[in-house]
1. Which one of these is assigned to a loop (DSSP other than H, G, I, E, B) and within 24 Å of Ser10 (Cβ to Cβ): Lys93, Lys60?
2. So which residues in segment 115-130 are surrounded by fewer than 14 Cβ atoms within 10 Å (Cβ to Cβ) and either touching a residue at least 40 places away in the same chain (Cβ under 8 Å) or assigned to a helix (DSSP H, G or I) (or both), if there are any at all?
3. Being open to solvent by 60 Å² or more (accessible area, probe 1.4 Å) and among the acidic types (Asp, Glu) is the filter; apply it to segment 67-114 and report the residue that is farthest from the chain's Cα centre (by Cα).
4. Residue check: is Ser18 among the hydroxyl-bearing types (Ser, Thr, Tyr) and touching a Lys or Arg at 6+ places or on another chain (Cβ under 8 Å)?
5. State which residue pairs qualify: first residue at pLDDT 95 or above and inside segment 79-91, second residue acidic (Asp, Glu) and in a strand (DSSP E or B) in any location, beta carbons under 6 Å apart, and separation of 6 or more residues or different chains.
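The values are calculated or read from the model by the stated rules, or taken from the named source; none is laboratory data. Just so you know, these numbers come straight off a predicted model, no measurement behind them. No Cβ is skipped: glycine too gets one built from the backbone with ideal geometry, and neighbour counts run over all protein chains shown. In case anyone asks, the SASA skips ligands and DNA or RNA and just uses the protein heavy atoms, side chains included. Shrake-Rupley method; radii C 1.70, N 1.55, O 1.52, S 1.80 Å.
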Amino acid sequence: MTTERYYNCSRCDKRTRSSELLFNELLGFPTSIPTCQCGESNELLLIPPFAFGAGGKCFKVLDAFHETETWENEGKMVRFYPFLIVLENTDDKSLKVWMPYWHLEESKIKFGERAPWMDSDHFDGLLAKARVKGYFQ
């Protein structure tokens with residue numbers, strides 16, 4: 001199952017299903033998100049297929065950050081794209097952090113299937129614990 005994606009206009013409340021690759025939308029965010037027909041900027045909404053009763057919730061992408069690293073594997077160039085995505089739960093406005101990643105091997109795009117997704121306070125707490133021990137200063 002894949003993450004459902006929609007563009008949502010806050011002015012006219014029109015919701016349109018996205019047919020673009022999520023990688024491309026996040027790589028160029030926010031300029032990769034098309035403008036609504038009314039002229040207003042769209043929001044990118046995600047509905048991930050979570051298990052264990054956590055699915056069905058809608059999240060607005062607030063920002064997307066990425067890095068890139070390249071190496072050679074068996075004569076082919078591989079480019080690694082780790083992301084940090086900041087999201088807002090559209091119901092309770094709580095902040096979330098998602099860390100998806102992709103590998104590009106020439107023209108093939110492979111999504112990392114074990115991307116962590118957590119409340120921002122959990123993310124902050126984990127970083128704070130690591131910093132107490134001298135990491136990420």
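1. Within the list Lys93, Lys60, the selection yields Lys93.
2. Passing the criteria: Asp121, His122, Asp124, Gly125, Leu126, Leu127, Ala128, Lys129, Ala130.
3. Glu74
4. The answer is yes for Ser18.
5. From residues that are at pLDDT 95 or above, the pairs are Phe80/Glu69; Val86/Asp63.
Residue by residue, here is whether (1) within 17 Å of Asp63 (Cα to Cα); (2) open to solvent by 50 Å² or more (accessible area, probe 1.4 Å); (3) among the hydroxyl-bearing types (Ser, Thr, Tyr); (4) assigned to a loop (DSSP other than H, G, I, E, B) holds:
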{"position": "Glu20", "(1), (2), (3), (4)": "no, yes, no, yes"}
{"position": "Pro30", "(1), (2), (3), (4)": "yes, yes, no, yes"}
{"position": "Leu46", "(1), (2), (3), (4)": "yes, no, no, no"}
{"position": "Pro49", "(1), (2), (3), (4)": "no, yes, no, yes"}
